[in-house]
1. How many residues does region 386-408 hold that are hydrophobic (A, V, I, L, M, F, W, C), touching a helix residue (DSSP H, G or I) at 6+ places or on another chain (Cβ under 9 Å) and surrounded by fewer than 17 Cβ atoms within 10 Å (Cβ to Cβ)?
2. When residues of region 52-96 are filtered for being in a helix (DSSP H, G or I) and of a type in the set (D, E, K, R), how many remain?
3. Given (1) open to solvent by less than 60 Å² (accessible area, probe 1.4 Å); (2) in contact with a strand residue (DSSP E or B) (Cβ under 7 Å, 6 or more places away or on another chain), identify the lone condition not met by residue 65.
4. Out of the residues in region 457-478 that are β-branched (Val, Ile, Thr) and over 22 Å from residue 433 (Cα atoms), state the one that is farthest from the chain's Cα centre (by Cα).
5. Among (1) β-branched (Val, Ile, Thr); (2) open to solvent by less than 30 Å² (accessible area, probe 1.4 Å); (3) farther than 21 Å from residue 376 by Cα, there is one condition residue 295 misses while meeting the rest; what is its number?
6. Select from region 97-118 the residues that are more than 28 Å from the chain's Cα centre (by Cα), assigned to a loop (DSSP other than H, G, I, E, B) and touching a residue at least 12 places away in the same chain (Cβ under 8 Å) and list them in ascending order.
7. Could you tell me which of the residues 458, 478, 463 is within 24 Å of residue 528 (Cβ to Cβ), surrounded by 14 or more Cβ atoms within 10 Å (Cβ to Cβ), touching an Asp or Glu at 6+ places or on another chain (Cβ under 8 Å) and in contact (Cβ under 8 Å) with a residue 24 or more places away in the chain?
8. Any idea which of 29, 104, 91, 110 is more than 20 Å from residue 228 (Cα to Cα), acidic (Asp, Glu) and surrounded by 15 or more Cβ atoms within 10 Å (Cβ to Cβ)?
Amino acid sequence: MRELEYPFDSEDLYTRKKALKRKLLEQLDEKSCLHKKIAILGGSTTRDIKLMLELFLLNYGIKPEFYESEFNQYYQDAMFPNPELEAFAPDIIYLHTTYRNIADFPALSDSPETVQELLDKEYQKYVKMWERLFRVYHCVIIQNNFEYPYYRLLGNKDASDMHGKVNYVTRLNCRFYDYAQSTENFYINDINYLSAQYGLDKWSDPFYWHSYKYALCVPAIPELAFSVAKIIKSLYGRNKKAFVLDLDNTLWGGIVGDDGVENLVLGHETSAGQVYCAFQEYLKEYKALGILLNIDSKNDYVNAVAGLNHPAGVLKPEDFIQIQANWEPKDRNLLQIAKELNLMPDSMVFVDDNPAEREIVREQIPGVAVPELERPEEYAKIIDRSGFFEVTNLSEDDRKRTAMYQENAKRAQEEAAFENYEDYLKALNMKAEIKPFTPVYMARIAQLTNKSNQFNLTTKRYTQPEIEETAANPDYLTFYGKLEDKFGDNGVISVVIGQKKEKALHIDLWIMSCRVLKRDMEYAMMDTVAETCKKQGITEIYGYYYPTAKNGMVKEFYALQGFEKIKEDEQGNTEWHLSLADGYEAKNHVIAVENDL
């Protein structure tokens, strides 16, 4: 919904919040949306925070249910038995505490030892809360850091003197960051940055505290809620995955086909040229996060590549996975890029200076993110604050993603040289590791369960705590699959979870990354699942398929694995059965598998 895209109009959101919620619920696809329980434990009034957070989450396809603590009861709810919260069983707990909730600040007469004791006491109060919440609720925790105070008694020295409130808040924040670095499933909502971005004087306007007990001004609440929503949508795989970039007047000033490479506005000789260089530098940093860069330009291909080879350019042709430079409509090119990458079009961010092109793509391909760009100086700011690629977990697979897709291009080139597809697969020299979940891969497994949409038979999503609980439960069989070949290591690309019931295994989850489609990895996984079942005396396997707008490609997956369809309802949900009593014939003949059988 355009109204909820950055930059949004806070006053408009408040005015139309009921109408917007109604429209979002009407548009929501119940089959593909996620239902999540979120507990807000606040140290100040949180009513409007909940209302705004609900709008942003619905816009991300997440339907929230809320528990909201009474005013300033966050500590009591966290530290003492709470039957209502326990029955609620939250998926996420959001601790909305602020500068207003810091119990004690140093006095000017305090010794260094006293200041340190105060700091330790305040920090330990939060650690005890976090540890108890993890122990009781086994869920994700999102915790605000602290904004700076709205006055500085010591002036500039407030930042450097141990008695200053600014200094104290900074040190306390750093302790929070250290905890976040060492603790899984714990995330910081950076209101220290948000308040600076918004303007501390406005953010901390005392009027709202004294009148309504809001720790921030009411107009800033959508900014806060948007920030929390970005963390949540990232946790549940609602991030975008790739840029689709225009060239002329987007990555450089001018039109390469008309002006020539030598006359493009790019480089450090002029202020305008510096702006485009800075934007290219910003985009290139995304490669380290595993975000794929692609080109969609109305240009002759030769001219496009010549522009990308500009001596002052930061981005070069080899930085891009797909370069679609032709005279086709840009929406068609974007769809072709998505097809080549085996990604859904709605995982793309289309960046183009031309409002007409933006509107065409927006209208023709629903779900594609199309940020509104005006001045080149603000391109990076708009994209950055939109939070398309909010980072909650950064795996080694993420860092290597661009290289993995480039290796896929090499595989496609090699495939063209073979007349027989099985001969091609054998020539890849594929090796797979298929084993039960192990701690070293828990974060990646959780990430994969939330990112995979096309090859996901039941569309279930798991947080890391849920993955860890499942792995430790003897009633479940778990499998991860890694795949490598002569071109490179694809990392963990498949996950299977099955629940044991007597002598049957019911497959709750089967997912696979689309970048390894058609390499028989699904057969290698099935062979290992079947053999593991036989060793444990399991003679029946049941599989389930729940259709969504995105997973039609696996509708007949179980039929290909030799299962028999035994049930189908009006919505297209199907149940499948495979008997192992009469033996099982392995289907993988091209991948060398290492497992624990």
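1. 2
2. Counting residues in region 52-96 that are in a helix (DSSP H, G or I) and of a type in the set (D, E, K, R) gives 4.
3. (1)
4. Out of the qualifying residues, it is 458.
5. Single failed check for residue 295: (3).
6. 102, 103, 104, 105, 106, 107, 108, 110, listed by residue number.
7. 458
8. Exactly one of 29, 104, 91, 110 is more than 20 Å from residue 228 (Cα to Cα), acidic (Asp, Glu) and surrounded by 15 or more Cβ atoms within 10 Å (Cβ to Cβ), namely 110.
The values are calculated or read from the model by the stated rules, or taken from the named source; none is laboratory data. Bear in mind that the values here come from a model prediction, so they are computed numbers and not experimental data. Here Cβ is always computed from backbone atoms with ideal geometry, including for glycine, and neighbour counts include all displayed protein chains. The protein model used for the area step is the full one, side chains on, heavy atoms only, and it has no ligands, DNA or RNA in it. Shrake-Rupley method; radii C 1.70, N 1.55, O 1.52, S 1.80 Å.
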